[in-house]
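Colleague: Let me give you the structure first, and then I'll get to my questions.
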Amino acid sequence: MNPDSTRLADVLLPLALEGPYSYRIPENLTLAPGDYVSVPLGSRTYIGVVWALHSNAPASAKLRDVITRYDMPAMSETHRKFVEWLADYYVEPKGNVLRMVLRSPGAFEEPRQQVAYRASGHPSRRMTPQRQRVLDVASEGFAMRSAELAGAAGVGTSVVKALAKEGALEIVGLPSLKPFQAPDLNAGGLELSRQQGAAAQELRAAVASRSAKVTLFDGVTGSGKTEVYFEAMATALATGCQVLLLLPEIALTAGFISRVETRFAAEPAQWHSDMRPRERERVWRSVADGNAQIVVGARSALFLPWKKLGLIVVDEEHESAYKQDEGVPYHARDMAVLYGAIGKFPVILSSATPSLESLVNADRGRYAHVKLLDRHGRPELPEIGLIDMRAAPLETGAWLSAPLVDTITATLAAGDQALLFLNRRGYAPLTLCRACGHRMDCPNCAASLVEHRFRRNLMCHHCGHMEPTPKACPKCGVEDKLVPCGPGIERLAEEAARRFPDARIAILSSDLARGIFLRDIIRDVAKGDYNLVIGTQLVAKGHHFPFLTFVGVVDADLALESSDPRGGERTWALMAQVAGRSGRGEKPGRALVQTHMPEHPLMQALKHGDREGYLAQEKLIRENVGLPPYGRLAAVIISGSDPAETERFVRQIASVAPTGEAVAVLGPAQAPIHIVRGRHRWRFLVKAPREVNIQAFIRQWLKDVKPRGSLQLHIDVDPYNFL
Ligand code: ADP
Ligand code: ZN
């Protein structure tokens, strides 16, 4: 080899870097694009991915060597393109996107080198509280690796090592990762109705076309969409491809997982944030080597290192849980469509209440539109009635009107199940002092504290701050004058217990129980062990409660009051989904909605079951003002710990905003919640017609803007959160 030239690898690292860094490839190493390697940077080593190779590069003494190549299938070209395109779309450094792929560093460890620790039964000779915590965790029975065990006990790994040296922990070799079973494509398919069969045929054809075709699969709740898209999954699996089934919320969907398992006679791989590290490694590796053929996952499953993805099904595609706001803000539904376009495979978007974005894409002919109009075995959605709250006065401290109470009484008396829906966690959203008028606010945020009575504290829903509910007002010192104002789900449960003393009440709210416990309650509700369910939006998500015949919506106006341009659309979806929980079994369902605005077009549309009419009107409004999907939006959010410094920075950014004719920069304005975690927040909103490259506009605008000190700048393309 010519001594003056070297083989170089450009390696992308999982850090906030715009592009890859160059490294020399040592003589004994052969690399290909997509290979996972370890490389030095500063005093550390990182796992990175080979982005490009140069064979005859000029030697530079400054460059460092690649350390090793991992024994792992290379990242596919499709996946690398996905990382690049996503970074480009969201105006985000590529390395930050790669970090979302490399979420399971343990997957790179040599399996045979892995050891785990387990309590030996011998006590430690020098017990400390830290050591005790480790032994407590270790005696739960699972063998855990040192980092995992230390993490669970909240101590450093040195404590684990010390206990092992003493013999209080014993070392066990970890068994190799268990492979996933291959699915049996003909295992558990139901006999489809004629309409379902026709829909399945269309979806199968889309999959068989092996093109980047997007299908909006639009069918009322309970029409059997799941059964039908299982058929499309079987078709994709038959061609040897992997299939991803995305769900908005996976931790609670044990019932759903078992349906997938029954259909394909194999447990699918699952991916979500609440997994043990070892299971993460198992799934990550199995997706990389192709062993995991079906993955059911939350939004981040898109970033798994797919070997050969051939179909993505996005269930409940309208769900806002697909949008991530922290870190790299991305929308998993949109990125699923992008992945399909890059990988040239089909994507199915399934929903009973499709987003306006997807409906408009279907109208424009960009998406195929497959409909399933009948409820399986039942032709209609539940009937929805309105209760005019202006004419149905409430008793003080009560939130259920007489018609609602009467209907629930009758439902329970008939031996059926009823659901009360209120989208507000906690006991009361406000706490005021009756002596001086003081409001209990968060010390870190411009927001009031929410009382959580079960946990006996006041909590901020923005930063997590908690404090015990005080006896005396912190402002005037008078005791026993703090009063809760307004209802939350716990307060509603209190009223329900008073009004329906014989009811077996279940409360479903994400903050009241952890995953496993909630899963148990959901299962018991489905079995009919409870007859009155009180829930937040958690209950709206896809659960199948066959004994539920009545749904009462306590406050339908809540979501309409927000400044969110999608407020109406969201309320529509939420109401239809919640009402759709009823009547999924033998008996028909019914819903009653409490509202102060019964004449509001949305309430009228609910009452008349007129989805098309309501959405047509929403489309018209959005089109007239150029809001998505008829125009583009991007938010630029600036925050800093010093109010004056933050405002100066914001004004400086405003002064360099380009004045494009088509593009409008709205703001700067203080964010509606203008302080979060002690940081002062400002927002710009960039609004542009669809054909404008809004990303290029933002890049141009902010290219010389450098936030310093405590200042931070976030770009949110296609924002869903306006707070
Ligand atoms: P969706 O996903 O549209 O809400 P599901 O697929 O969950 O609807 O179906 C609702 C219920 O109807 C489920 O319990 C499902 O097993 C049942 N079901 C759907 N299609 C059929 C069928 N062809 N034969 C028997 N049961 C069916
Ligand atoms: Zn707070």
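The values are calculated or read from the model by the stated rules, or taken from the named source; none is laboratory data. As the structure is a computational prediction, the values presented were derived from the model and not from experiment. In this analysis, Cβ positions are derived from the backbone assuming ideal geometry, glycine residues included, and neighbour counts consider all displayed protein chains.
Colleague: Checking Arg364 against (1) in contact (Cβ under 8 Å) with a residue 24 or more places away in the chain; (2) away from ligand 1 (no atom under 16 Å from the Cβ), which single condition isn't satisfied?
Modeller: Looking at each condition in turn, Arg364 falls short on (1).
Colleague: From the list Ile522, Ile489, exactly one residue is within 16 Å of ligand 1 (Cβ to nearest atom) and buried (at least 16 other Cβ atoms within 10 Å of the Cβ). Which is it?
Modeller: Being within 16 Å of ligand 1 (Cβ to nearest atom) and buried (at least 16 other Cβ atoms within 10 Å of the Cβ) holds for just one of Ile522, Ile489, which is Ile522.
Colleague: Also, quick follow-up: With the checklist (1) out of contact with any Leu (no Cβ under 8 Å at 6 or more places or on another chain); (2) on the phi > 0 side of the Ramachandran plot in hand, flag the one item Gly583 doesn't pass.
Modeller: (1)
Colleague: Further question: Looking at the range 59-91, which of its residues are closer than 27 Å to Gly42 by Cβ and β-branched (Val, Ile, Thr)?
Modeller: Within the range 59-91, Val66, Ile67, Thr68, Val83, Val91 meet the criteria.
Colleague: A further question follows. Could you grab me the full set of residues in the range 165-185 that are in contact (Cβ under 8 Å) with a residue 24 or more places away in the chain and either more than 29 Å from Trp284 (Cα to Cα) or within 16 Å of ligand 1 (Cβ to nearest atom) (or both)?
Modeller: Passing the criteria: Glu166, Gly167, Ala168.
For (1) within 20 Å of Asp315 (Cα to Cα); (2) crowded, with 22+ Cβ neighbours inside 10 Å, each residue gets a yes or a no:
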| position | (1), (2) |
| --- | --- |
| Glu191 | no, no |
| Ala199 | yes, yes |
| Ala212 | yes, no |
| Gly219 | yes, yes |
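Colleague: Name the one entry in Lys81, Lys94 that is buried (at least 17 other Cβ atoms within 10 Å of the Cβ), closer than 30 Å to Gln700 by Cα, modelled with pLDDT of 95 or more and among the basic types (Lys, Arg).
Modeller: Step by step, each of Lys81, Lys94 is checked, and only Lys94 is buried (at least 17 other Cβ atoms within 10 Å of the Cβ), closer than 30 Å to Gln700 by Cα, modelled with pLDDT of 95 or more and among the basic types (Lys, Arg).
Colleague: In the range 190-216, what count of residues is obtained for those that are near ligand 1 (Cβ under 9 Å from one of its atoms) and either touching an Asp or Glu at 6+ places or on another chain (Cβ under 6 Å) or touching a residue at least 60 places away in the same chain (Cβ under 8 Å) (or both)?
Modeller: 3
Colleague: Assess whether Val370 counts as being modelled with pLDDT of 95 or more, within 16 Å of ligand 1 (Cβ to nearest atom) and under 36 Å from the mean Cα position of the chain (by Cα).
Modeller: yes
Colleague: Further question: Return the residues of the range 316-336 that are farther than 20 Å from Arg99 by Cβ and buried (at least 22 other Cβ atoms within 10 Å of the Cβ); say none if nothing qualifies.
Modeller: If the condition is that a residue be farther than 20 Å from Arg99 by Cβ and buried (at least 22 other Cβ atoms within 10 Å of the Cβ), then Glu316, Glu317, His318, Glu319, Arg333 are the ones that fit.
Colleague: Search the range 454-470 for residues being surrounded by 17 or more Cβ atoms within 10 Å (Cβ to Cβ) and more than 10 Å from ligand 2 (Cβ to nearest atom), and hand back the single one that is modelled with the lowest pLDDT.
Modeller: Thr469
Colleague: Related question: Just to be sure before I move on: is Leu627 over 19 Å from Leu666 (Cβ atoms) and of a type in the set (A, V, I, L, M) in the structure I sent?
Modeller: Here the answer is no, as Leu627 does not meet what is asked.
Colleague: Please specify each residue of the range 664-679 satisfying the condition of being on the phi < 0 side of the Ramachandran plot and over 25 Å from the mean Cα position of the chain (by Cα).
Modeller: Ala664, Val665, Leu666, Pro668, Ala669, Gln670
Colleague: Determine which single condition Met389 fails, assuming it passes every other condition in (1) in the same structural domain as Val551 (by TED's automatic domain parsing); (2) of a type outside the set (Gly, Ala, Ser); (3) touching an Asp or Glu at 6+ places or on another chain (Cβ under 6 Å).
Modeller: Result: Met389 passes all but (3).
Colleague: Kindly indicate which of Ala152, Ala206 is under 28 Å from the mean Cα position of the chain (by Cα) and more than 25 Å from Pro346 (Cβ to Cβ).
Modeller: One residue alone meets the criteria, Ala152.
Colleague: Would you kindly identify the strands (runs of 3 or more DSSP E) lying entirely within the range 613-705 that contain at least 3 residues that are in contact with a Cys (Cβ under 8 Å, 6 or more places away or on another chain) and within 16 Å of ligand 1 (Cβ to nearest atom)?
Modeller: Counting at least 3 such residues, we get no strands (runs of 3 or more DSSP E) at all.
Colleague: Inside the range 94-145, can you point out the residues that are β-branched (Val, Ile, Thr) and under 23 Å from Ser286 (Cα atoms)?
Modeller: Result: Val97, Val101, Val115.
Colleague: From Val101, Val115, Val137, grab the single residue that is β-branched (Val, Ile, Thr), out of contact with any His (no Cβ under 8 Å at 6 or more places or on another chain) and touching a residue at least 40 places away in the same chain (Cβ under 8 Å).
Modeller: Every option except Val115 fails the conditions.
Colleague: Let me ask you something else. Are there strands (runs of 3 or more DSSP E) fully within the range 158-258 with at least 2 residues that are farther than 25 Å from Glu612 by Cβ and at pLDDT 90 or above? List them.
Modeller: 242-246
Colleague: Working carefully through the options Glu77, Glu140, find the one that is among the acidic types (Asp, Glu) and within 30 Å of Glu27 (Cβ to Cβ).
Modeller: Glu77
Colleague: Further question: Take the range 209-225 and flag every residue that is of a type in the set (Ser, Thr, Tyr) and either within 17 Å of Leu245 (Cα to Cα) or within 22 Å of the chain's Cα centre (by Cα) (or both).
Modeller: Selection gives Thr215, Thr221.
Colleague: Would you be able to tell me the number of residues in the range 183-197 that are touching a strand residue (DSSP E or B) at 6+ places or on another chain (Cβ under 9 Å) and within 19 Å of Cys241 (Cβ to Cβ)?
Modeller: Qualifying residue count for the region: 1.
Colleague: Among Leu602, Leu606, Leu592, which is the only one that is outside any helix (DSSP H, G or I), closer than 30 Å to Ala418 by Cβ and over 26 Å from the mean Cα position of the chain (by Cα)?
Modeller: From the options Leu602, Leu606, Leu592, the qualifying one is Leu592.
Colleague: Yes or no: Phe303 at pLDDT 90 or above, over 19 Å from Pro105 (Cβ atoms) and hydrophobic (A, V, I, L, M, F, W, C)?
Modeller: So Phe303 does not fit the description; no.
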